[in-house]
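Asker: So that we are looking at the same thing, I have put the structure below in structure tokens.
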Amino acid sequence: MTSIATLGSHCSLQVLKGAKDEGLKTILVCEKKREKLYKRFPFIDELIIVDSFKEVLDQKCQSILEQNNAVLIPHGTLIAQMSSEEIESIKTPIFGNKWILRWESDRGMKEKLMREANLPMPEPVSSPKDIKNLVIVKRQGAAGGKGYFMAANEKDYNTKRDQLISEGIISKDETLYIQEYAAGVLAYLQFFYSPLKEELEFFGADQRHESDIEGLARIPSEQQLKSAKVPSFNVIGNSPLVLRESLLEQVYEMGENFVEAAKRMVSPGMNGPFCIEGVYDENAKFKSFEFSARIVAGSNIYMDGSPYYSLLYNEQMSMGKRIAREVKTAAETNQLDKVTT
Ligand code: ATP
């Protein structure tokens with residue numbers, strides 16, 4: 001019997017509930033400190049207790065997963081806590097394409113894939129001295145917006161960078177990525193590509209709430225000007241977003257272009273869940289600053305199914321359940337190699 005395993009964080013509850021609903025065994029790799037929390041959920045069949053998630057790389061953990069014919073579902077915590085080399089060395093089959101996760105973590109590779117997919121992007125700025133308009137300065141990898149800052153020119157950049165270094169938020173030798181700031185309505189577009197059906201599904205959209213940049217918008221400009229703090233983009237939570245129907249065609253087109261580009265650039269392509277993240281401007285033109293090549297935490301909003309999936313499925317379908325459905329179908333038809341790497 002196939003089982004579904006994941007790390008205890010990010011969207012693990014949704015993933016394992018979906019797997020249980022599909023009749024699969026569920027396994028959670030759980031840090032000792034969170035054992036009490038996860039024991040509350042009866043749909044988790046087995047806990048593998050670890051001191052740190054890195055133990056997934058150990059023989060002991062991998063052999064338990066192997067005995068259970070487990071498929072490991074990658075999410076943001078796996079990316080945040082392990083290097084690309086470590087993820088690629090995991091022996092347990094990983095749902096989707098583990099090779100593409102490296103493209104998500106490296107800013108240069110990320111930009112290359114997004115260009116190949118023809119996604120409209122805010123321009124990168126190669127050096128602080130070239131800052132002409134408002135920019136956002138980011139750290140490498142999935143930092144979740146922590147330590148990011150905005151700058152209007154080189155001087156502003158240097159002041160804020162120095163301040164964040166002195167506060168210990170970023171390090172002196174860190175290479176920062178500078179990108180044109182795109183103003184508008186944030187939209188995180190969530191998709192699922194089925195390698196079995198060779199079909200793209202649009203699952204839903206969400207918005208991220210980020211502190212303390214959002215908090216800043218709630219205070220009058222007089223107080224904003226007096227604040228010496230560099231506001232950050234630390235993700236706190238997500239809320240649902242439903243798009244104007246006239247935008248859907250372009251949404252599918254972007255998703256399809258991304259899937260095609262991934263097939264060309266990083267075999268076997270963008271299988272499973274992914275997310276294109278960006279901003280709609282005043283002309284409803286989308287600019288994408290980021291993608292995630294795996295399930296995003298924003299899908300937690302739709303544990304009972306999303307508005308768009310209720311159009312495609314006559315049942316409640318979360319992203320976790322959709323993943324489990326693909327694994328189950330693949331296992332039943334001897335095609336697990338098509339949905340895992
Ligand atoms: P994650 O991996 O968690 O998605 P990340 O660390 O890779 O995050 P981004 O998603 O690139 O970071 O950026 C974090 C936040 O910063 C975004 O959610 C958005 O609010 C803001 N942001 C990023 N790039 C831009 C941009 N070019 N214009 C406007 N806002 C931006």
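Asker: Once a ≥ b ≥ c are taken as the square roots of the eigenvalues of the Cα gyration tensor of the stretch 72-137, is the result rounded (a/c under 1.5), prolate (a/b larger than b/c) or oblate (a/b not larger than b/c)?
Answerer: Verdict is prolate for the stretch 72-137.
Asker: Using only helices, what value at 222 nm comes out for the chain when you add -39,500 (n - 2.57) per DSSP H run of length 4 or more and divide by the total residues, to the nearest 500 deg cm²/dmol?
Answerer: -9000 deg cm²/dmol
Asker: Oh, and also: Round to a whole angstrom and tell me the spacing of the C-alpha centers of the stretch 299-332 and the stretch 155-182.
Answerer: One Cα centre to the other: 40 Å.
Asker: Which of the trypsin sites (Lys or Arg not before Pro) across the stretch 232-317 are loop residues per DSSP, with 11 or fewer other Cβ within 10 Å?
Answerer: Hits after loop and neighbour filter: R244.
Asker: Related question: Run the quick spin-label model on V242 and A217: label points 7 Å from Cα toward the beta carbon, then report their separation in nm to one decimal.
Answerer: For the pair V242/A217, the computed spacing is 2.1 nm.
Asker: I would also like to ask the following. How big is D for the chain, in µm² s⁻¹ as a whole number, if Stokes-Einstein is applied with the Kirkwood radius of its Cα pairs at 37 °C and 0.692 mPa s?
Answerer: Once the numbers are plugged in, D ends up at 156 µm²/s.
Asker: Set the Förster distance to 22 Å, then compute FRET efficiency between S227 and Y181 from the Cβ-Cβ distance, nearest 0.05.
Answerer: In this case the efficiency is close to 0.75.
Asker: Give me the net charge of E22's neighbourhood, meaning all other residues with Cβ under 15 Å from the Cβ of E22; Lys, Arg count +1, Asp, Glu -1.
Answerer: Spelling it out: positives minus negatives among the neighbours equals +2.
Asker: List the relative contact order of the stretch 124-180 as a percent without decimals, with contacts defined as Cα pairs under 8 Å and 6+ residues apart.
Answerer: Once normalised by length, the contact order is 49 percent.
Asker: I'd like the orientation of helix 12-21 relative to the chain: the angle between its Cα long axis and the longest Cα principal axis, in ° from 0 to 90, rounded to 10.
Answerer: With both axes taken from Cα atoms, the answer is about 30 degrees.
Asker: Only Cα pairs under 8 Å and at least 6 apart count here; give the relative contact order of the stretch 3-96 as a rounded whole percent.
Answerer: It rounds to 30 percent for the stretch 3-96.
Asker: Another question, if that's okay. If you add up the charges near L119, with Lys and Arg at +1 and Asp and Glu at -1, over every other residue whose beta carbon is less than 11 angstrom from its beta carbon, what do you get?
Answerer: -2
Asker: May I ask what percent, to the nearest 5, of DSSP beta bridges between residues of the chain are antiparallel?
Answerer: Just about 75 percent of them are antiparallel.
Asker: Can you give the FRET efficiency to the nearest 0.05 for L311 and A80, using r as the Cβ-Cβ distance and R₀ = 41 Å?
Answerer: About 0.80, to the nearest 0.05.
Asker: If you don't mind, another one. For the stretch 172-276, take the convex hull of the Cα atoms, compute a quarter of its surface area, and give me that in nm², please.
Answerer: 10.0
Asker: While we're on this one: Among the lysines, which have Cα under 28 Å from the Cα of K328 when same-chain residues fewer than 8 positions away are ignored?
Answerer: Partners within reach: K17, K20, K25, K39, K54, K60, K91, K98, K197, K263, K338.
Asker: Please report the net charge: other residues with Cβ closer than 12 Å to the Cβ of L78, K and R +1, D and E -1.
Answerer: 0
Asker: What do you get for the angle between helix 319-332 and the principal long axis of the chain? Use alpha-carbon atoms, 0 to 90 degrees, nearest ten.
Answerer: Approximately 40 degrees, to the nearest 10.
Asker: Obtain the nm distance between the two label points defined at L57 and S171 by a simple spin-label model: each point lies 7 Å from its Cα along the Cα-to-C-beta direction.
Answerer: So the two model labels end up 1.6 nm from each other.
Asker: Label points 7 Å out from Cα along the Cβ direction at Y252 and K39: separation in nm?
Answerer: 4.9
Asker: In degrees, nearest 10, range 0 to 90: what is the angle between the Cα axis of helix 107-116 and the longest Cα principal axis of the chain?
Answerer: The angle comes out at about 80 degrees.
Asker: So for the stretch 124-180, what are the equivalent ellipsoid semi-axes in whole Å, largest first, each being the square root of 5 times an eigenvalue of the Cα gyration tensor?
Answerer: 17, 13, 9
Read the figures in this text as sums done on the coordinates, not as results from a lab. As the structure is a prediction and not an experimental result, all values here were calculated from the model. So basically every Cβ, Gly included, is an ideal-geometry build from the backbone, and we count neighbours across all protein chains shown.
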